[in-house]
1. Can you tell which of B:215, B:165, B:250 is within 14 Å of chain A (Cβ to nearest Cβ) and surrounded by 15 or more Cβ atoms within 10 Å (Cβ to Cβ)?
2. Go through segment A:22-71 and give me each residue that's closer than 16 Å to residue A:91 by Cβ and part of a loop (DSSP other than H, G, I, E, B).
3. I'd like to check something: does segment B:243-258 contain any residue that is out of contact with any strand residue (DSSP E or B) (no Cβ under 9 Å at 6 or more places or on another chain) and not in a loop (DSSP other than H, G, I, E, B)?
4. Go through segment B:121-157 and give me each residue that's free of Cβ contacts under 8 Å to residues at least 60 places away in the same chain and assigned to a helix (DSSP H, G or I).
5. Here is a list: A:82, A:101, A:91. Which entry is surrounded by 20 or more Cβ atoms within 10 Å (Cβ to Cβ) and free of Cβ contacts under 8 Å to residues at least 40 places away in the same chain?
6. Within segment B:257-277, can you find the residues that are over 19 Å from residue A:126 (Cβ atoms) and either assigned by TED's automatic domain parsing to the domain that holds residue B:100 or surrounded by fewer than 20 Cβ atoms within 10 Å (Cβ to Cβ) (or both)?
7. I'm checking my understanding of the structure. Among residues of segment B:99-119 that are more than 9 Å from chain A (Cβ to nearest Cβ) and not in a helix (DSSP H, G or I), which one is surrounded by the most Cβ atoms within 10 Å (Cβ to Cβ)?
8. If you take the residues in segment A:62-79 that are buried (at least 23 other Cβ atoms within 10 Å of the Cβ) and at the interface with chain B (Cβ under 8 Å from one of its Cβ atoms), which one is modelled with the highest pLDDT?
């Protein structure tokens with residue numbers, strides 16, 4: 001499975017509007033609702049579980065990457081969205097650096113262990129400086145998807 | 001406070017020595033008999049020769065009555081297990097030292113809940129953050145992160161030729177959510193109002209989002225030149241060097257790393273997007289010359305060897321590097337470098353054990369509040385808002401704050417900001433304020449009653 005197979009052009013935001021931690025997460029969840037990947041009813045409870053997770057510790061993992069995630073019974077399959085901000089988002093990351101790439105994951109409660117591996121694999125891909133450079137240079141959502149489809153998301 | 005420290009290595013010993021000078025009851029647990037023996041002759045504490053993961057040892061140390069339990073050995077697993085058992089036995093607060101590698105994985109798995117740990121840190125990362133502050137703000141006297149790193153405090157001197165000299169704060173129109181918390185003018189502590197005029201020589205403490213503050217500092221101190229990237233050379237690509245490079249990449253720095261191990265070089269090249277990795281030995285004068293070290297703004301020695309670090313700093317200084325910084329691991333060397341460093345061209349020496357001590361001191365207080373930073377111009381304190389407090393539900397504007405107290409940060413859940421007049425205060429929020437003596441008591445009373 002590649003990260004790209006969990007995405008589609010309307011689940012990639014090539015230029016995010018938000019410049020701060022929490023508004024960025026809200027922007028991504030709202031985008032999923034708007035395009036029918038999440039129901040209106042699911043929005044608030046999902047935001048709440050994402051908030052609880054970020055409250056424990058920011059999912060900004062350094063090198064301009066953040067992988068906010070929550071486990072929820074409001075989705076039946078894993079729901080993902082990728083966002084890019086060339087300007088950078090203040091995410092209170094581990095290295096205090098702004099975040100340029102956000103991968104948001106909502107995982108069905110029952111698939112916790114399965115998707116933990118997916119999350120780890122995605123972090124590994126984005127840990128590559130070369131991939132991050134390509135993602136920064138990409139012109140649009142399709143090009144971003146192209147880059148993400150090159151490597152397997154699960155090692 | 002009843003404090004238990006597991007591990008009498010550099011970090012544990014340093015903290016135990018420092019805490020034993022205050023009125024605390026300290027127990028140190030150390031597995032190596034020789035180290036434990038040395039420790040008990042040096043420190044005013046009860047030293048137990050035993051395993052921090054043994055229930056008998058922990059009971060003997062008084063874990064059930066312990067206010068603060070710190071697992072500070074260099075072994076992740078021992079520390080995690082010791083914290084987990086101590087909490088199970090009744091220790092109030094547990095703090096665990098881990099390697100930065102494990103800390104980088106923490107986002108994926110909630111170590112803290114699983115092992116009952118209140119705070120996890122790595123001394124490598126803390127030292128890297130400390131070093132990065134010098135690079136980001138070379139003119140600042142003090143830089144501190146507060147409210148989980150969302151807000152930064154910087155202390156800077158107002159220079160004669162700066163834009164701010166002779167102007168009132170009102171005229172300077174600082175952007176929203178950037179605040180001057182205090183001014184030190186000679187020996188006079190000033191809690192500023194909008195009409196305060198800044199004078200050359202004033203020591204100003206500014207609070208705000210790190211990036212926003214950075215943009216304002218040029219108005220108080222040295223102006224201009226901010227657009228050129230800062231040229232940084234790091235000697236050593238280990239955990240310290242990597243953490244440092246990762247942090248600096250985001251701050252308009254052009255980073256080069258000297259690392260003699262080709263395997264580490266390969267790994268660094270893969271992980272860092274913008275840094276240049278040189279497979280070269282910085283202890284060789286020839287290689288330093290070849291890489292034009294004289295052109296760099298900062299040379300930072302970050303290997304495990306104090307001798308190599310200091311000597312290469314001297315070389316880099318001789319070759320013309322503008323500022324040299326070094327890590328110092330051994331307590332015995334740190335003092336000499338701190339005292340004589342500037343004569344040798346070393347701007348500052350950062351020691352991981354001291355960075356850890358400074359970070360951990362905030363846990364060594366009563367529950368009601370803690371002193372985040374002691375500044376010449378006053379005390380920065382943090383306290384949480386009780387449900388019974390009269391400020392709950394009010395806006396910042398509507399609260400009658402004691403005179404001489406400046407609210408500088410408001411932490412609500414994950415969000416932290418420099419407060420603006422319309423922000424509503426809720427129970428459980430954390431407030432940070434600059435205060436002095438009597439005002440502190442009034443401020444704390446306001447948050448609790």
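1. One residue alone meets the criteria, B:250.
2. Across segment A:22-71, the qualifying residues are A:57, A:58, A:59, A:63, A:64, A:67, A:68.
3. Of segment B:243-258, the ones out of contact with any strand residue (DSSP E or B) (no Cβ under 9 Å at 6 or more places or on another chain) are none.
No: segment B:243-258 contains no residue that is out of contact with any strand residue (DSSP E or B) (no Cβ under 9 Å at 6 or more places or on another chain) and not in a loop (DSSP other than H, G, I, E, B).
4. Across segment B:121-157, the qualifying residue is only B:133.
5. Numbers: A:82 fails: free of Cβ contacts under 8 Å to residues at least 40 places away in the same chain; A:91 fails: free of Cβ contacts under 8 Å to residues at least 40 places away in the same chain.
Result: A:101 is the single residue among A:82, A:101, A:91 that is surrounded by 20 or more Cβ atoms within 10 Å (Cβ to Cβ) and free of Cβ contacts under 8 Å to residues at least 40 places away in the same chain.
6. B:260, B:261, B:262, B:263, B:264, B:265, B:276
7. Top of the filtered list is B:117.
8. Taking segment A:62-79 as the starting set, the residues that turn out to be buried (at least 23 other Cβ atoms within 10 Å of the Cβ) are A:62-66, A:68-70.
If we keep only those that are at the interface with chain B (Cβ under 8 Å from one of its Cβ atoms) as well, we get A:62-64.
On the way: A:62: 85, A:63: 85, A:64: 89.
Going through the qualifying residues, I end up with A:64.
The values are calculated or read from the model by the stated rules, or taken from the named source; none is laboratory data. Nothing here was measured: the structure is a model prediction, and the numbers come from that model. Backbone-built Cβ (ideal geometry, glycine too); neighbour counts: all protein chains shown.
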